[in-house]
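Quick notes on the structure that follows.
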Amino acid sequence: MHGPAPSGWLLVALCAAAGAYCLLRMRGSAGEERRAAGGEALMGFGMAAMAVPGTVFTPPSWAWPGYAVVFGAAGLHAGWAARTRPHHLHHLAGAAAMVYMAVVMASSPAGAHRHGGSGIPLVTGTLLLYFAGYVLLTGVRLVPAAAAPGGGTAAAGWADRPELARACRLSMGIAMVTMLLAL
């Protein structure tokens, strides 16, 4: 992605940690919650890989179309699942944003990967507006869970903490806003 290397590495760490936590949630869940955690893990690790600073590692030419195919397939799956479970619409929006960023990066000249100035402003702005709203809404929903006395039981495992799942989603939303701003 564009931008300075330190912020890129912070995004890599944040997204990889979120992806790892989602794998823990996936391991401790079943059914629909397990599938949602798997999709979020894919998103976290994909965002981590995409956020590696371009000054440190320049992906091969096939990487960006590969991202577009993987996240296009994830978007199709989320769209299909959203027919009966509307909360998958957010996963569809996330996959669409990843496909968009991959296509923009694939079509940008090599030098532009470090200097910005790529992307379609209307699409980027729409995605930014969606994810900024998502971050604000998720943050508001997280506050009561974190502020409640005994906001989680001491016996609950890491994968069983709904406030941690919300914090994970919030951090990935913030990372998506950051990546779209850097586009």
- request: Show the residue pairs that are 6+ apart or on different chains and have beta-carbon atoms under 9 Å apart, the first residue being within segment 47-58 and β-branched (Val, Ile, Thr), the second being buried (at least 20 other Cβ atoms within 10 Å of the Cβ).
  value: VAL52/MET1; VAL52/GLY8; VAL52/LEU11; VAL52/VAL12; THR55/GLY8; VAL56/GLY8
query: From the list ALA78, ALA63, ALA30, which one is under 21 Å from VAL135 (Cβ atoms) and among the hydrophobic types (A, V, I, L, M, F, W, C)?
result: ALA78
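The numbers here are math on the coordinates, done by the rules we state, and not lab data. As the structure is a computational prediction, the values presented were derived from the model and not from experiment. A quick note on method: Cβ atoms are made from the backbone with ideal geometry, for glycine too, and the neighbour counts reach across all protein chains shown.
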